[in-house]
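The values are calculated or read from the model by the stated rules, or taken from the named source; none is laboratory data. Model, not experiment: these values are computed from the prediction. All Cβ positions, glycine included, derive from the backbone under ideal geometry; neighbour counts span all protein chains shown.
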Amino acid sequence: MPKTKLQRVIFALFMSFMMVFGMESYNHIINSGSFEWRLFYIPILELIGLMVTVITLETFIGGKVSRKLAFLFINPQKSRPLIVILSVQVTMVLIMCPMMSLVASIVFKNGLNGNLIMIWIKTIVINFPIALLWQICVAGPIVRFVVSRIPF
């Protein structure tokens, strides 16, 4: 877990990149119905725009709510670090996935022109399992490893 302000900034930037890249790649694969290298290409403006959205939502809502929720179930001072990390990861996905699925439903799925609630629910159902697995098994470990190796 990041300890300094600089570590927190680098952690947030790298984590938002990893989650946006992973989830956008996944959604491109789902939408195309195939698995090809070209589907991992994400336009830079889309990537940056989504990263800004993720960081904004996490800073003002997701981070605060997820930690409060996680710490309802565990005591961070008495629990093992792995339990604290996993608890925060799970609650972060519980909070962020519905918020980012709403953004995706509006921006990418024309949700304002149709039945937004149903499009949003379907988007959550499609994205939540992968967001949780990606966060716990790929993005979280990689980002924590890299940030912990940067001398500050």
Cβ-Cβ under 7 Å pairs, at least 6 apart or on other chains, segment 35-50 side farther than 24 Å from residue 96 by Cβ and free of Cβ contacts under 8 Å to residues at least 24 places away in the same chain, far side loosely packed, with under 14 Cβ neighbours inside 10 Å and basic (Lys, Arg): none
Quick check on segment 2-18. Is at least one of its residues of a type in the set (Lys, Arg), modelled with pLDDT under 90, part of a loop (DSSP other than H, G, I, E, B) and more than 16 Å from the chain's Cα centre (by Cα)? yes
Across segment 118-152, what is the number of residues that are in contact (Cβ under 8 Å) with a residue 60 or more places away in the chain and farther than 21 Å from residue 2 by Cα? 4
Between 46, 24, 36, which is surrounded by 18 or more Cβ atoms within 10 Å (Cβ to Cβ) and among the acidic types (Asp, Glu)? 24
Only one of (1) more than 23 Å from residue 2 (Cβ to Cβ); (2) of a type in the set (Gly, Ala, Ser); (3) surrounded by fewer than 17 Cβ atoms within 10 Å (Cβ to Cβ) does not apply to residue 101, and that is (3)
Of everything in segment 49-60, what is of a type outside the set (Ser, Thr, Tyr) and either touching a helix residue (DSSP H, G or I) at 6+ places or on another chain (Cβ under 7 Å) or within 17 Å of residue 83 (Cβ to Cβ) (or both)? Give them in sequence order. 50, 51, 54, 55, 57, 58
Counting just the residues of segment 53-62 that are over 13 Å from residue 19 (Cβ atoms) and touching a residue at least 24 places away in the same chain (Cβ under 8 Å), which one comes out surrounded by the fewest Cβ atoms within 10 Å (Cβ to Cβ)? 59
Out of 100, 92, report the one residue that is in contact (Cβ under 8 Å) with a residue 12 or more places away in the chain, in contact with an Asp or Glu (Cβ under 9 Å, 6 or more places away or on another chain) and under 18 Å from residue 139 (Cβ atoms). 92
